[in-house]
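Colleague: Quick one: the structure is below, and I'll ask about it shortly.
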2 protein chains.
Amino acid sequence: MTESQRQPVPAAKPDLSGLAVPFEDIEAAAERLRGEAVLTPVLRHPLLDEVTGATVLIKPENLQRSGSFKFRGAFNCISRIPEAARFRGVVACSSGNHAQGVAASAQLLGMPATIVMPADAPKIKLERTRGYGARVVTYDRETEDRDGIAARICAESGATFVHPYNDPAVIAGQGTVGLELARQAADLGLHLDDVLGCTGGGGLSSGIALALSALSPGTVFHTCEPALFDDYKRSLEAGRPLANAAKSGSICDALLSESPGEIGFSILSRLAGEGATVTDEEALAAVAFAFTELKLVVEPGGAAALAALLSAKLPLKGRTVGVVLTGGNIDPQMLMTALDH
Amino acid sequence: MTESQRQPVPAAKPDLSGLAVPFEDIEAAAERLRGEAVLTPVLRHPLLDEVTGATVLIKPENLQRSGSFKFRGAFNCISRIPEAARFRGVVACSSGNHAQGVAASAQLLGMPATIVMPADAPKIKLERTRGYGARVVTYDRETEDRDGIAARICAESGATFVHPYNDPAVIAGQGTVGLELARQAADLGLHLDDVLGCTGGGGLSSGIALALSALSPGTVFHTCEPALFDDYKRSLEAGRPLANAAKSGSICDALLSESPGEIGFSILSRLAGEGATVTDEEALAAVAFAFTELKLVVEPGGAAALAALLSAKLPLKGRTVGVVLTGGNIDPQMLMTALDH
């Protein structure tokens, strides 16, 4: 290798023009969330660096209000509903984390909330959603159309529908995770080579990728998905949105999307690097590692990015890697399953 | 109230002269621990503020290397053993957290370690101590003398004994928890009115109280103990060290000291405020709260301070309160017991 080849290549300035969510919206969301959302820390753990050979920064959104990052997008979206429309409330569809994020936000803003949830959602998520004062309507994941149910409720009540990911205000809210992470890494004097996020519909992932593009150019964002729900990985490789065949069948209940969100895909197809997939076994092993070694409570879907790291699904040795733990709403029985593995 | 009465009274500058551990030793320990110990963050959680009526700052030492604060004191102490004596190794007595702190420190420094542990210590603590490469010798808590066993091993091997709390170097290491907490609170623009720590022999508690006296005058430190092991509370009230009648019988295995440490008592009798005690039930409820709401894995003894806060054992409403979670090495069965409560 000659001397000139060793010169670091300046990262290409990414072209952020024409993206559905301008970076300024993420900054505005951060202002709106100040004092409402938890500014989650960045955690380091020597053992994690040892077993992965990487310098790992954990962004623990399981420590967020409502137990997942979903509060950020929900609050950012709902707090922008005009005063005059608030009494009609909000409606959302969710397996449980968006449910809690919306319910907690609505409660803070004094608004009624109705959440359409699959009947097989984790018990803790159903209970906690009701705990935030929301009305819960359940449906059968295999046979019923949750969007139809939600649309009917909205039509009858005049409530505002809060999409779990395909909404610029939701994406801007989730993007504050990336904004904080980029700044926290810089405060530690570190440059993130890679960031791994758990990916369902892609609201969080596209928000993080956007924030990193603006604040940490050169950082590669990777989607991490359950093996049967790898719509983003396949879609990004194909260059067009592809759906999943399965509708259920993974313990990563938070990540069971049907296909990439339209806005999320438009962003990630320009900004994301290689995607990773993890099996249920790998997700459970990551849940157990988080419990036993990191002393953090993480749910299977919230551990997908950690699982991808621990299972060496991407070549990350020697790199500085951000890993987002997205949620911690796990039933005790599921945790025991993970620990018995 | 007249205007003059409203003037804030400047906190009396505490007299730190003659204390067994000068504050400079804590600063030196912080230097020694840099890059070895985790600089644990300060965590906020809206729900915790809501249910307590206080502004709560959590210092999560369960996220520390080896799963508890004990690594700090052990590493600070062991790293000061002269090079020539290191090959003879170290010996410690511990129910499990000091064991892991010593074993992890010795492993990092390339030294052999022998740990004398009660046979009824939590399985996870026995396993993890061996996992750090230490030799574990078990004894019966009711009938055998652990100090005698340790003294014999030291005499035979020439190894250095590392006391769990009654050692100025150990206290200085644990004091870095208080040093960090005081600075982190200041960074948040907050002044700590009170800090609650879990108290066994008093190494951590005296170290924290010392650091607060130097960096955050006016902050009141409170010892938090299991009801049957309230030697510090009673000793501080009596003005002389008093022993506990019980030797076992609390699930807070990390806090089952016989009596206050000599150095710890000499410090805390000058610097500590009112102490609190918690029942096993209250400790279990705090473990469950940490798991379910804070998404943190905490062991019963590590949750004593949180339990004192949640059970309103001290008048803390309206105050800014630091709570140290001291350890997270809990057996899954014990966690299930807490969650079933």
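Colleague: If I histogram all Cα-Cα distances within region B:207-341 using bins 5 Å wide from 0, what percent of pairs lands in each bin?
Modeller: Per 5 Å bin, starting at zero, the Cα-Cα P(r) for region B:207-341 comes out as 2, 11, 20, 22, 20, 15, 8, 3, 0 percent.
Colleague: How large, in percent, is the carbon and sulfur part of the accessible surface of region B:70-166 at a probe radius of 1.4 Å?
Modeller: Whole-percent figure for carbon plus sulfur exposure: 49.
Colleague: What does the charge dipole of chain B about its Cα centre add up to, to the nearest 20 debye, if the Cβ of each Lys and Arg holds +1 and the Cβ of each Asp and Glu holds -1?
Modeller: 680
Colleague: Explain nothing, just compute: Karplus ³J(HN,Hα) = 6.51 cos²θ - 1.76 cosθ + 1.60, θ = phi - 60°, for every residue of region B:321-332 in order, whole Hz, x for Gly and Pro.
Modeller: Rounded to whole hertz, the list is 10, x, 10, 8, 8, 8, x, x, 8, 10, 5, x.
Colleague: Would you kindly derive the ³J(HN,Hα) couplings of region A:201-209 from the backbone phi angles with the Karplus curve 6.51 cos²θ - 1.76 cosθ + 1.60 (θ = phi - 60°), listing them in order in whole Hz, with x for Gly and Pro?
Modeller: Result, rounded to whole Hz: x, x, x, 5, 4, 5, x, 5, 4.
Colleague: Under a point-charge model restricted to the Cβ atoms of Lys and Arg (+1) and Asp and Glu (-1), what is the dipole moment magnitude of region B:70-166 relative to its Cα centre, in debye to the nearest 20?
Modeller: The dipole magnitude comes to about 400 debye.
Colleague: Among the listed pairs A:Lys125/A:Lys233; A:Lys125/A:Lys247; B:Lys70/B:Lys247; A:Lys233/B:Lys125; A:Lys123/A:Lys295, give every one whose C-alpha distance is greater than 29 Å.
Modeller: From A:Lys125/A:Lys233; A:Lys125/A:Lys247; B:Lys70/B:Lys247; A:Lys233/B:Lys125; A:Lys123/A:Lys295, over 29 Å: A:Lys233/B:Lys125.
Colleague: For the rotation bringing B onto A, which B residue has its Cβ nearest the axis, and at how many Å?
Modeller: Residue plus distance in Å, as requested: B:Pro41, 2.
Colleague: While we're looking at this one, here's another question. So the label point sits 7 Å from Cα along the Cα-to-Cβ vector; using that for B:Asp187, what distances do you get to the other copies, in nanometres, sorted shortest first?
Modeller: 0.6
Colleague: Copy-to-copy spacing for A:Gly218, label 7 Å out on the Cα-to-C-beta vector, in nm, shortest first?
Modeller: 4.5
Colleague: Just need the relative contact order of chain A here, percent rounded to a whole number, with Cα pairs under 8 Å and 6+ apart.
Modeller: Contact order relative to length: 21 percent.
Colleague: Still on this structure, I have one more. How high is the relative contact order of region B:204-312, in percent, counting Cα pairs under 8 Å that sit 6 or more residues apart?
Modeller: With pairs under 8 Å counted, the relative contact order is 31 percent.
Colleague: Would you mind computing Rg(Cα) / (2.2 N^0.38 Å) for region A:70-166, counting N as its residues?
Modeller: That works out to 0.97 for region A:70-166.
Colleague: In addition: Quick check on the protein assembly as shown: of the DSSP beta bridges with both residues there, what percent are antiparallel, nearest 5%?
Modeller: Approximately 10 percent, going by the DSSP bridge assignments.
Colleague: Which is farthest toward the positive dipole end of the protein assembly as shown among A:Leu236, A:Gly249, B:Thr277, measuring Cα position about the Cα centre, with Cβ charges +1 (Lys, Arg) and -1 (Asp, Glu)?
Modeller: A:Leu236
Colleague: Mind pulling the angle between the C-alpha long axis of helix A:23-33 and the longest principal axis of chain A? Nearest 10 degrees, somewhere in 0 to 90.
Modeller: Approximately 60 degrees, to the nearest 10.
Colleague: In degrees from 0 to 90, rounded to the nearest 10, what is the angle of the helix B:280-289 Cα long axis to the longest principal axis of chain B?
Modeller: Roughly 80 degrees between the two axes.
Colleague: Not counting ligands, DNA or RNA, and with a 1.4 Å probe, what is B:Tyr139's accessible surface area in Å² rounded to the nearest 10?
Modeller: 10
Colleague: Over the whole of A:285-296, what's the average partner chain Cβ count within 10 Å per residue? Rounded to a whole number, please.
Modeller: 4
Colleague: Given chain B, what percent of its DSSP beta bridges are antiparallel, to the nearest 5?
Modeller: Here the antiparallel bridges make up roughly 5 percent for chain B.
Colleague: Rolling a 1.4 angstrom probe over the protein heavy atoms, how many square angstrom per residue are accessible across region A:70-166?
Modeller: Result: 41 Å² per residue.
Colleague: Moving to a separate point now. Highest mean first, what order results for B:182-189, A:308-315, A:291-298, A:115-122 on Cβ atoms within 10 Å?
Modeller: The peptides rank, most packed first, as A:291-298, A:115-122, A:308-315, B:182-189.
Colleague: Calculated from DSSP H runs of 4 or more alone, at -39500 (n - 2.57) each and per residue, what is the 222 nm mean residue ellipticity of chain A, nearest 500?
Modeller: Counting only the DSSP helices, I get -12000 deg cm²/dmol.
Colleague: With no solvent and one equal point scatterer per Cα, compute the Debye intensity ratio I(q)/I(0) for region B:247-287 at 0.15, 0.18, 0.24 Å⁻¹ and report its log10, rounded to two decimals.
Modeller: -0.50, -0.68, -0.94
Colleague: Oh, and also: Quick one: Cα centre-to-centre distance for region B:200-252 and region A:273-323, in angstrom?
Modeller: Comparing the Cα centres of region B:200-252 and region A:273-323, I get a distance of 39 Å.
Colleague: Using the charge dipole of the protein assembly as shown (Lys, Arg: +1 at Cβ; Asp, Glu: -1 at Cβ; taken about the Cα centre), state which of B:Leu314, B:Asn97, A:Ala119 has its Cα farthest towards the positive end.
Modeller: B:Leu314
Colleague: What relative contact order, as a whole-number percentage, does region A:70-166 give when Cα pairs under 8 Å and 6 or more residues apart are counted?
Modeller: Normalised by residue count, the contact order of region A:70-166 is 33 percent.
Colleague: Quick check for me: using +1 on Lys/Arg Cβ and -1 on Asp/Glu Cβ, what's the dipole size of region B:144-280 about its Cα centre, in debye to the nearest 20?
Modeller: Dipole about the Cα centre, nearest 20: 260 debye.
Colleague: Right, next: For B:Ala276, enumerate residues with amide H under 5 Å from its amide H, sequence gap 5+ or separate chain, H modeled in the peptide plane.
Modeller: Distant-sequence amide H within range of B:Ala276: B:Thr223, B:Cys224, B:Glu225.
Colleague: Amide H neighbours of A:Arg141 under 5 Å, at least 5 residues apart or on other chains, H built in the peptide plane: list them.
Modeller: Correct list: A:Ala119, A:Asp120.
Colleague: Okay, next question. Can you sort B:Arg72, B:Arg234, A:Arg240 by 1.4 Å-probe accessible area, starting with the largest?
Modeller: From most exposed to least exposed: A:Arg240, B:Arg234, B:Arg72.
Colleague: In µm²/s, what is D for chain A at 37 °C and 0.692 mPa s, where D = kT/(6 pi eta Rh) by Stokes-Einstein and Rh is the Kirkwood radius from Cα pairs?
Modeller: My calculation gives 165 µm²/s for D.
Colleague: Turning to a different aspect of this structure: Tell me which residues come under 5 Å, amide H to amide H, from B:Val195 once H is placed; ignore anything under 5 positions away on its chain.
Modeller: B:Val220, B:Phe221, B:His222, B:Gly322
Colleague: Using a label point 7 Å beyond Cα on the Cα-Cβ vector, give me the inter-copy distances for A:Arg135 in nanometres, one decimal, shortest first.
Modeller: Sorted ascending, the copy-to-copy spacings read 7.0 nm.
Colleague: Can you list the HN-Hα couplings for region B:34-39, worked out from phi with the Karplus curve (6.51, -1.76, 1.60; θ = phi - 60°), rounded to whole Hz and with x for Gly and Pro?
Modeller: 3J(HN,Hα) across region B:34-39, in whole Hz: 4, x, 9, 7, 7, 7.
Colleague: Which FRET efficiency value, to the nearest 0.05, is calculated for A:Ala312 and B:Asp340 with the Förster distance at 41 angstrom and r the Cβ-Cβ distance?
Modeller: Once rounded, the FRET efficiency stands at 0.65.
The values are calculated or read from the model by the stated rules, or taken from the named source; none is laboratory data. Since the model is a prediction, treat every value here as computed from it, not as a measurement. Methodologically, a virtual Cβ is constructed for each residue, glycine included, from the backbone with ideal geometry; neighbour enumeration extends over all protein chains shown. Calculation scope for accessible area: heavy atoms of the full protein, side chains included, ligands and nucleic acids excluded. Shrake-Rupley method; radii C 1.70, N 1.55, O 1.52, S 1.80 Å.
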